[in-house]
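Below is one structure, written out as structure tokens; comments come after it.
The values are calculated or read from the model by the stated rules, or taken from the named source; none is laboratory data. Keep in mind it's a predicted model, so treat the numbers as computed, not measured. Every residue, glycine as well, gets a Cβ built from its backbone with ideal geometry; the counts of neighbours run over all protein chains shown. The area values use the complete protein model at the heavy-atom level, side chains included, leaving out ligands, DNA and RNA. Shrake-Rupley method; radii C 1.70, N 1.55, O 1.52, S 1.80 Å.
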Amino acid sequence: MSDQKITPSQLRSRWWFDNPEHPGTTAICIERYMNYGVTLEELRSGKPIIGIAQSGSDLTPCNRHHIELVKRVKDGIRAAGGVPFEFPMHPIHENVRRPTAALDRNLAYLGLVEVLHGYPLDGVVLTTGCDKTTPACLMAAATVNIPAIVLSGGPMLNGWRGSNERVGSGTIIWELRKRLAAGDIDYEEFLSRATDSAPSVGHCNTMGTASTMNSMAECLGMSLPGSAIIPAPYKERSIVAYDTGKRIVDMVWEDIRPLDILTREAFENAIVACSALGGSSNAPIHIIAIARHAGIEITNDDWQQLGHQISLLSNVMPAGVYLCEEFYRAGGVPAVLNELLKVGKLHGEARTVNGRTLAENVEGRETLDEDVIRRYDKPLVEHAGFINLKGNLFDSALMKTSVISDEFRQRFLSRPDDPDAFEGRVAVFDGSEDYHARIDDPDLEIDENTVLVMRGAGPVGHPGGAEVVNMQPPEALIKRGIESLPCLGDGRQSGTSGSPSILNAAPEAAVGGGLALLETGDRIRIDLRKGEANLLVSDEDLAQRRERLASRGGYIYPPHQTPWQEIQRGMVEQHDRGMTLEPATKYRDVARRTPPRDNH
């Protein structure tokens, strides 16, 4: 370890396990670990104590294989001279958690901060997988700032229907629900075909939020190069788990910490890479949150300025046709980063957890299949990043341009006298329950030119920010062959969805945003070239609507159902601020700035 910067006497865990100035406290800390066979030698020999944040459980199937995978992590830690301590994280499972797993991101973050700050850990391996496990872990890593490294669990293998139809996680469900509405399939076939997308352990095999955020961890430099998209069942996944265990021990000795890596340049790299990957519309929320906890202000304007002009290189669902198994075989994230670096789109000098720069890590990592990972001069889509829209409806909302289909563009964005813009009458829904109850109501007069609006779905309103904006048209329209309408809302949508919705609107209706003033039958105008979204009424009319809303006590949303819902609603920020807890972002590097007080 030629790069060793600290000595065994400087290990943080020594405050607990070998502190002669406080023998009583040391004895209390040590004695109970003896009851399952940990030895005094292990705790007092000057070996780094390495935590393993276990995100897998029976409640979290996307991460469940970490239960076995961490055995290899522990082997690597021991081989490098460390002592592993595994501990549980608050569970996060996107598909099942009601009212939304977004509530769990901040809760898991808080719990992880307390563990990393208050327990005798010199470093930590953060196991990730399902969508919000990754940002929860990285937010906590930035706050506490002990040496940390991310180990993702990897995506599932390709799903198949027959011998040649790829079935992508999530993406297939959005398609099948249209077939169900059209009467092409029945309920039993719907469920049967949906399960084709889950052939193995692992998280979503599409470039949904899970694959996106684990790729973002690699792009930020917080996981070993090439590790993000290794399919969960592959032997390479166990190998990288072992290597991750070894590396975190060296990181402790080298004193490499998250805030050394999570620089502005690293976040700019992530924004650029997200566009090239066709990454999830949830990524801006989470990247902004991680950045804020690292003391760096990233905005949705940055996402447009840095990312919109980047071309789509990854031909992976929902923006493409392949799945993550093929993406990995074609070169994965390193091949995309190498292509971006060659055309000067990245900060190659950014540091990473292996002690090398991003440029050093991706040098020579060429695409092995130019249909799956395109060359920069032969992209799937040019200008494939997010557009940040503003106007009297909201201050900020995002549209993912890489999933604008030819059919959608032809129907809504191709008027010769008004290109990249459309106007339409709106049908407004207050939450997902209202949508499901009324979408087929003929009195709404929804036609092929209607814009569907979802409000009351944001961080406060839902609460947590629900994935409900990608609404499908009424059954009557689907049966006529009209399978998509423009969607807009203050909620989110699944990263596996190919809907080019305008979403993550801030401020949301529940805190007085412009969407609260909308009425079914209003007309709105969306102009992508100008970056504007406006309700087409006079300022006087808007002012009168706002007065009427205030007289009714503001926008009414459902009551709190649990203590945490009330707590989060009282301090959560809007989507464009990362949906962070307002008091939490001022805490940074707490392991060094404010070491935990003695407990005895």
Condition met for Gln304 (assigned to a helix (DSSP H, G or I), more than 22 Å from Glu165 (Cα to Cα) and open to solvent by 10 Å² or more (accessible area, probe 1.4 Å)): yes
Can you tell me which residues in segment 48-85 are charged (D, E, K, R) and either open to solvent by 80 Å² or more (accessible area, probe 1.4 Å) or more than 28 Å from Ile30 (Cβ to Cβ) (or both)? Asp58, Arg64, Glu68, Lys71, Arg72, Arg78
Quick one: in segment 456-490, which of the residues that are within 30 Å of Gly570 (Cβ to Cβ) and outside any loop (DSSP other than H, G, I, E, B) is most open to solvent (accessible area, probe 1.4 Å)? Glu467
Which condition breaks for Leu116 when tested against (1) at pLDDT 95 or above; (2) surrounded by fewer than 22 Cβ atoms within 10 Å (Cβ to Cβ); (3) under 23 Å from Gln568 (Cβ atoms)? (2)
Does segment 486-497 hold any residues that are at pLDDT below 95 and more than 25 Å from Gln561 (Cα to Cα), and which are they? Gly495, Thr496, Ser497
Being of a type in the set (D, E, K, R), closer than 22 Å to Gly56 by Cα, open to solvent by 30 Å² or more (accessible area, probe 1.4 Å) and not in a helix (DSSP H, G or I): is that true of Arg97 here? yes
Checking the structure you have, find out if any residue of segment 522-529 is at pLDDT 95 or above and touching a Phe, Trp or Tyr at 6+ places or on another chain (Cβ under 6 Å). yes
Go over the candidates Gly320, Gly331, Gly355, Gly344 one by one and state the one that is farther than 15 Å from Leu220 by Cα, of a type in the set (Gly, Ala, Ser) and open to solvent by 30 Å² or more (accessible area, probe 1.4 Å). Gly344
Pair list, Cβ < 6 Å and 6+ apart or interchain, from segment 532-554 residues that are under 15 Å from Leu518 (Cβ atoms) and assigned to a strand (DSSP E or B) to residues that are of a type in the set (A, V, I, L, M, F, W, C) and open to solvent by less than 70 Å² (accessible area, probe 1.4 Å): Ala533/Leu389; Ala533/Leu393; Ala533/Ile526; Leu535/Leu393; Leu535/Ile524
Select, from Leu536, Leu515, Leu581, Leu542, the only residue that is out of contact with any Gly (no Cβ under 9 Å at 6 or more places or on another chain) and open to solvent by less than 30 Å² (accessible area, probe 1.4 Å). Leu581
Taking segment 358-380 on its own, how many of its residues are assigned to a helix (DSSP H, G or I) and open to solvent by 40 Å² or more (accessible area, probe 1.4 Å)? 1
Within segment 331-353, how many residues turn out to be assigned to a loop (DSSP other than H, G, I, E, B) and under 23 Å from the mean Cα position of the chain (by Cα)? 7
Qualifying residue in segment 231-247 (condition: aliphatic (A, V, I, L, M), surrounded by fewer than 21 Cβ atoms within 10 Å (Cβ to Cβ) and in a helix (DSSP H, G or I)): yes
Report every pair of residues separated by at least 6 positions or lying on different chains whose Cβ atoms are under 9 Å apart, first residue within segment 153-172 and assigned to a strand (DSSP E or B), second basic (Lys, Arg) and open to solvent by less than 70 Å² (accessible area, probe 1.4 Å). Arg161/Arg193; Val167/Arg193
In segment 110-129, which residue that is closer than 19 Å to Phe85 by Cα and in a helix (DSSP H, G or I) is farthest from the chain's Cα centre (by Cα)? Gly118
Does at least one position in segment 64-78 carry a residue that is farther than 18 Å from Trp253 by Cα, out of contact with any Lys or Arg (no Cβ under 8 Å at 6 or more places or on another chain) and either among the polar types (S, T, N, Q) or not in a helix (DSSP H, G or I) (or both)? yes
